[in-house]
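A short worksheet on the structure shown next.
The values are calculated or read from the model by the stated rules, or taken from the named source; none is laboratory data. Fair warning: this is a prediction, and the values are worked out from it, not measured in the lab. All Cβ positions, glycine included, derive from the backbone under ideal geometry; neighbour counts span all protein chains shown. The area values use the complete protein model at the heavy-atom level, side chains included, leaving out ligands, DNA and RNA. Shrake-Rupley method; radii C 1.70, N 1.55, O 1.52, S 1.80 Å.
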Amino acid sequence: MADLLGSILNSMEKPPTVGSQESRRKAREQAARLKKMEELEKRKKAEFRKKMEKEVSEFIQDSAQQKRKYNPMGKIERSILHDVSEVAGLTSFSFGEEEESRYVMLFKKEFAPSDEELEAYRNGEEWDPKLAEQRRRLKEQAALEETASSKTKKTEMCPNTNYRDKYVHLIGTSAAKDAAHTLEANRAYGCVPAANKRDTRSVEEAIDQIRAKKRQKQEADSGAPSSSS
């Protein structure tokens, strides 16, 4: 009986100790603080968005303003401002190298910035239309001078006189192709012009003449002893 009672008591859950109760209390408090911080962050975002919507609306209604520059702000605030400006039909850009110094600029659609203006903001410079116009004219002038210089170099490379005019007393006025001797194929002598051949006989004629000379020589040789006796 005692053993049965002991086994039952051992199987029952032990009452929580003081240490476990304290850890659970701390966990509940931490969860409550996190929830409170999330609600506070959510409320701050909503308030900031409401503030930006009001400022953007005022910017749109102000016909004297073409763009608006904001002070540096965090990444979350910049994303909210970009979203508000997009909904309102504006163009927005972020500038600044370091995260702490990045800021947002809003532009009305009809006054969208040019590539030169954006490049100036990215370089940390103020946009000056007059200075940009001067730079544009200087670039155009430099391009024209470079083009003129390249044309001058091409002109210098071309010869002033034609070699045919210079050596006309040697080569004449006829073209080289016209002045060259034309070779015509000859069936009997190949590609050598027939006029250049001394022997104009055909092969058969030459053989017949050679045979005739041999017969004459043989007849002359055979008749020589008889004449001497």
### Task
Looking for whichever is surrounded by 12 or more Cβ atoms within 10 Å (Cβ to Cβ) and at pLDDT below 95 here; the options are LYS130, LYS44, LYS139. Which one fits?
LYS44
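Could you tell me how many of the residues in segment 21-77 are assigned to a helix (DSSP H, G or I) and among the hydroxyl-bearing types (Ser, Thr, Tyr)? Walk me through it before giving the result.
Residues of segment 21-77 that are assigned to a helix (DSSP H, G or I), as a first pass: 21-61, 75-77.
Pick out the ones that are also among the hydroxyl-bearing types (Ser, Thr, Tyr) and you get 23, 57.
Summing the residues that are assigned to a helix (DSSP H, G or I) and among the hydroxyl-bearing types (Ser, Thr, Tyr) in segment 21-77 gives 2.
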### Task
Only residues that are open to solvent by less than 90 Å² (accessible area, probe 1.4 Å) and either in contact with a helix residue (DSSP H, G or I) (Cβ under 7 Å, 6 or more places away or on another chain) or over 23 Å from PRO113 (Cα atoms) (or both): list them for segment 47-69, please.
PHE48, ARG49, MET52, GLU53, VAL56, GLN65, LYS67, ARG68
### Message
Give me the residue from segment 108-127 that is in contact with a Lys or Arg (Cβ under 8 Å, 6 or more places away or on another chain) and open to solvent by less than 70 Å² (accessible area, probe 1.4 Å) and, out of that set, modelled with the highest pLDDT.
### Response
LYS108
